[in-house]
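Each value in this text was obtained by applying a stated rule to the coordinates, not by laboratory testing. Just so you know, these numbers come straight off a predicted model, no measurement behind them. Cβ atoms come from the backbone with ideal geometry, glycine included; neighbour counts cover every protein chain shown.
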Amino acid sequence: MFACMRRNGSCLCGALTYEIDGEIAGVWMCHCSNCRKVSGGTGNTILVVPRARFHWLTGADHRVTYAVRPTYTITRCKTCGTPLPADEDEQHVYVTAGTLDEPLGVGIINHIFYGSKADWERDADGARYFVERTTGPAATVGHPDQT
Ligand SMILES: [Zn+2]
Ligand SMILES: [Zn+2]
């Protein structure tokens, strides 16, 4: 194991970039209805990182934060709208996993509010998996990692 593991991330337009020092245990995924709305998908996927190990490299002044409720805020890039890492409590930054630039090397370690997940968050019978678009190479029927 490297003594000084470092990972980089960025928003879609590239205005904001950051780095994380040290090991990351894995991804937390929240399936609650708030996170579904905010992500527009199945929910939010985050890395819980101690503040001292997270550093903005560029664009820290390019963030906009929406205080939806006192306990629920959303931070996005002003230009491209990418959901961004946010200072979520006194000790931690919650880093949006989709903004990482490279593979993480670990998967999801905690699913929270799984009891509230969308009823469509599952494969329908015969779901097809395409490596890219439907016009590309032929599909696999059923999850390719489980066949
Ligand atoms: Zn951006
Ligand atoms: Zn949530």
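Could you tell me which numbered condition residue 90 fails, if it satisfies all but one of (1) in a loop (DSSP other than H, G, I, E, B); (2) within 13 Å of ligand 1 (Cβ to nearest atom)?
Evaluating residue 90 over (1) in a loop (DSSP other than H, G, I, E, B); (2) within 13 Å of ligand 1 (Cβ to nearest atom) leaves (2) as the failure.
Looking only at segment 48-62, which residues are buried (at least 18 other Cβ atoms within 10 Å of the Cβ) and touching a Ser or Thr at 6+ places or on another chain (Cβ under 8 Å)?
59
How about segment 115-134: which of its residues are assigned to a loop (DSSP other than H, G, I, E, B), charged (D, E, K, R) and surrounded by 10 or more Cβ atoms within 10 Å (Cβ to Cβ)?
Across segment 115-134, the qualifying residues are 117, 121, 123.
Being farther than 24 Å from residue 121 by Cα and within 16 Å of ligand 1 (Cβ to nearest atom): is that true of residue 60 here?
yes
If you check every pair at least six apart or on different chains, which have Cβ atoms under 6 Å apart with a residue in segment 72-94 that is under 19 Å from residue 58 (Cα atoms) first and a residue that is polar (S, T, N, Q) and more than 13 Å from ligand 2 (Cβ to nearest atom) second?
From segment 72-94, the pairs are 75/65; 84/75; 86/75.
Among the residues of segment 1-56, what is the count of those that are of a type in the set (Gly, Ala, Ser) and in a strand (DSSP E or B)?
2
Identify all residues within segment 51-66 that are without any contact (Cβ under 8 Å) to a residue 24 or more places away in the chain and touching a Cys at 6+ places or on another chain (Cβ under 9 Å); write none if there are none.
64
All but one of (1) out of contact with any Phe, Trp or Tyr (no Cβ under 9 Å at 6 or more places or on another chain); (2) surrounded by 12 or more Cβ atoms within 10 Å (Cβ to Cβ); (3) over 28 Å from residue 143 (Cα atoms) hold for residue 96, so report the exception by its number.
The failed condition is (3).
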